[in-house]
Structures are given as structure tokens and as C-alpha cells.
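This report concerns only the one structure given below.
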Amino acid sequence: MREKLRLGVYPTPLYKLENISAKYGRNIWVKRDDLCGVALGGNKVRKLEYLLAEARAWGCDTVFTTGGAQSNHAMLTAACAARLGLRCVLLLKKRGVTEHRGNLVLNDIYGAQVRFVDTDSYEDIYAEMDRLSEELEQEGHKAFHIPVGGSTPLGAVGYADCVQEIAEQLPDHGASLGHIVSATGSGGTTAGLLVGTRRYLPHVQLTGIGVDTDPFEDIVPQLAYGAAGLMGCGLERVPGDFQMVYHVGQGYAIPNPEDTPYIQELARLEGILLDPVYTGKAWSGMLKLLQEGGLGGRGDILFVHTGGAAALFAMDLA
């Protein structure tokens, strides 16, 4: 097993959503990874525990990463890098809300250097990352590159750890878990959940709710096999262990008007905030799938809350 840092506060809470369960006639639980103890929380911290451990092992003093203008991953990378005394450079797509709001305010608080790149292609951004890294190396620095979302096989191992944590929590809660559901935005979190469910909760089915149009039915298993190899456990798939359902709407990072009532409902019934880009779309997509019979008729459902609430302070709900 690869080395990792201890950046988050774990285990994060797991509990039943009593009011939501009563309304939808099914036991629905939540894994609160938005309460992981770093910044405003989120799934990326579990990935960064492995990725930044590797950066330190390689003697790097600078971390580069990327994402959209309001990227939660970028913000959490800035937070964790600051804690470790690493310089953080964020090359963000000049798309979406680029005003000084939401996560861009937090990036400044954490001391990250933010540069916008006017492109729709991450390949352009990675090329700029290489160029800037060469400049830093000439000044005596060493840079570590983290791709969008931290979605690498190594990063995905963090979410296999999460499933192990869930498996250890379940006996104290009396849940009869049949399904785990999470947002899928770059694939790494869902890949780790796939490895983890096969290893620690093999009776549980996994559903990823795609909030972007990438072919995650291919990306997720590829990352999962890589993560399993790093863990030394292999990945034995069975039919029906994983499904992808897409709920993108008008496009990535564009709020869906149809999701707003579901976001408001969870806030008003359970006091939990979702963002309109990732968790809001995933939550809405999950409940629609449940109502259509797409999550089977038996077994409790666990929704993994992957954070992102800062987006609520950057954009209006549609």
C-alpha cells in the first residue's frame, strides 16, 4: 500500500436521513465527506492524502492542478498545500464564474497563485503546466502535477479507503445497505468506490451519477483497475456491480432548474446543503432514478456527499 498523509478528520459522519426516507419510502443514508475537516470539506481530501504524500516523497516544493473556475478540487488542493508548506499554482479554465466569488475567494485566502487559461481543452492547460514547471525548475524548484479532480489510480485509492470506513461504521447503525450513489465528475471518486465495494462490501451495488458527458462507463473501471493494482488486491467484477447514469442537463457546471426543488428539499428537511454543479445534480438524479425503479426495490441507499457548497456563493440556482 502506498504511503499517505493524514489531512482530513475521519471517520466522517454516516447517518440516516429520517425525513427524506419517510418522504420517499426508502431508507436513505448520507456519508458526510463534506465534513472532513479541511476548508469547506469534500471528496478531494482523501485523494490528496495520497497525491501530496507522493509529492513530498519526490521532494517537490510546488503543486500544480487544474479545474473549472470554481473548482472545489483546486480550492482543496490550495488548502492542503498551504498546510504542508507547499506553493500551489492553480491553472483554471476561464469558463463559468470567474469573478472573485465562491472558491476563488478561498483560493486567495489559502495563498494559491491563480491563473486563468482561456481554453476548453485540458491538454492546453497541461501544456502550460509543463511550461511553467520548466521555468520553476530553472529557479531551483520542483513541481508536482495533479490532473483535474485528482482522478488518477493513486487518488482513487482514497475512496477505496472510504468504503472500508463505511463498512466499519455500518454495524453500529443497523443499515442494510444495497446501493451506494455518488456524483461522477472526473471519475476518480467513483473508481475508488468501485474498488472499495468489491473488496469491503461485495453485496453492494454502485451507481455513479455523471455530471459531465465524458464516457465514465469506460473511465471509471480503467481507474479502478489501476487503483486495485496499487492496493495489491486486484479487482474482480461481477455483472451489475456498477452502473453509470447521466444527469448533466444543459452542460457541465450549468445549474439545472429541475434540480433546485430537490436541493431546497434536502436543505429544508435535513439541513444539508448541496451545490448546483456536482452534488445537487447527483442527488436529484438519484431520487429520479429511485422513483423510476432504477435502484432496485430492496436495500438501503447511501449517498456520498462529496462537498462543493462554496459554489452556492458563486452562482445562482437556476
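Rule-based calculations on the coordinates, nothing more; no lab input. Fair warning: this is a prediction, and the values are worked out from it, not measured in the lab. Positions of Cβ are backbone-derived with ideal geometry, glycine not excepted, and every protein chain shown enters the neighbour counts.
Averaging the Cα positions of each part gives two centres, and for the stretch 37-99 and the stretch 289-308 these lie 29 Å apart.
Placing unit charges on the Cβ atoms only, positive for Lys and Arg and negative for Asp and Glu, gives the stretch 44-150 a dipole magnitude near 540 debye about its Cα centre. Across the stretch 50-66, rounded Karplus estimates of 3J(HN,Hα) from the backbone phi angles (6.51 cos²θ - 1.76 cosθ + 1.60, θ = phi - 60°) give 7, 5, 6, 4, 5, 4, 5, 4, 8, x, 7, 10, 9, 10, 10, 8, 8 Hz, Gly and Pro being marked x.
Quick check on the chain: of the DSSP beta bridges with both residues there, what percent are antiparallel, nearest 5%? Could the numbers behind the result be given before it?
Details: 4 of 38 bridges.
DSSP beta bridges in the chain are roughly 10 percent antiparallel.
The lysines within cross-link reach of Lys23, meaning a Cα-to-Cα straight distance under 17 Å and a gap of 8 or more places when in the same chain, are Lys288. Mark the label point 7 Å from the Cα of Glu139 along Cα→Cβ and return the residues of the stretch 61-91 whose backbone N is within less than 20 Å of it. Counting backbone N atoms under 20 Å from the label point, the list is 61-66, 78-79, 81-91. Using alpha carbons only, the radius of gyration of the chain set against its Kirkwood radius gives Rg/Rh = 0.95.
Contour minus end-to-end for Glu258 and Glu168, with contour as 0.36 nm per residue of separation and end-to-end as the Cα-Cα distance?
Values: separation 90, 0.36 × 90 = 32.40 nm, distance 3.59 nm.
Gain in length upon complete extension: 28.8 nm.
Residue ranges 132-141, 88-97 sort as 88-97, 132-141 when ordered by packing (mean number of other C-beta atoms within 10 Å per residue, highest first). Stokes-Einstein D for the stretch 154-227 at 20 °C, 1.002 mPa s, Kirkwood Rh over Cα pairs, in µm²/s? In µm²/s, the coefficient rounds to 175. The amide H of Val63, built 1.01 Å from its N in the peptide plane, has Arg87, Cys88, Val89, Phe144 as neighbours under 5 Å, considering only residues 5 or more places off or on other chains.
Using 0.36 nm per residue of separation minus the Cα-Cα distance, give me the extension gain between Tyr15 and Gln243 in nm, one decimal.
On the way: separation 228, 0.36 × 228 = 82.08 nm, distance 2.40 nm.
Additional length available on full extension: 79.7 nm.
Packing here is the average count of other Cβ atoms within 10 Å per residue, and on that basis the peptides 71-83, 265-277, highest first, run 71-83, 265-277. Residues in the stretch 105-122 carry Karplus couplings, in order, of 5, 5, 4, 5, 4, 7, x, 6, 8, 10, 10, 8, 10, 7, 7, 9, 10, 5 Hz; the curve used is 6.51 cos²θ - 1.76 cosθ + 1.60 with θ = phi - 60°, and Gly or Pro positions show x. Once the C-beta distance of Ser176 and Arg83 is scaled by a Förster radius of 45 Å, the resulting FRET efficiency is 0.70 to the nearest 0.05.
DSSP beta bridges fully contained in the stretch 9-128 are about 20 percent antiparallel. Projecting the Cα positions of Pro276, Leu290, Met244 onto the charge dipole of the stretch 214-318 (unit charges on Cβ atoms of Lys, Arg, Asp and Glu, taken about the Cα centre) puts Leu290 furthest along the positive direction. Helical runs (DSSP H, four residues minimum) scored at -39500 (n - 2.57) apiece and divided by the length of the chain put the mean residue ellipticity at 222 nm at -12500 deg cm²/dmol. Multiplying the residue separation of Glu217 and Glu99 by 0.36 nm and subtracting their alpha-carbon distance yields 39.1 nm.
When +1 charges are put on Lys and Arg Cβ atoms and -1 charges on Asp and Glu Cβ atoms, the dipole computed for the chain relative to its Cα centre reaches about 700 debye.
So, with +1 on the Cβ of K and R and -1 on the Cβ of D and E, and no other charges, what is the size of the charge dipole of the stretch 1-70 about its Cα centre, to the nearest 20 debye? Write out the running numbers ahead of the final one.
Values: 12 positive and 7 negative charges, 64 e Å.
Roughly 300 debye, rounded to the nearest 20.
Using only the alpha-carbon atoms of the stretch 44-150 as identical scatterers, what base-10 log of I(q)/I(0) does the Debye formula give at q = 0.17, 0.19 Å⁻¹? For the requested q values the scattering log ratios are -0.71, -0.90. Straight-line cross-link reach from Lys44 at under 21 Å between alpha-carbon atoms covers these lysines, not counting any fewer than eight positions away in the same chain: Lys4, Lys31, Lys93, Lys281.
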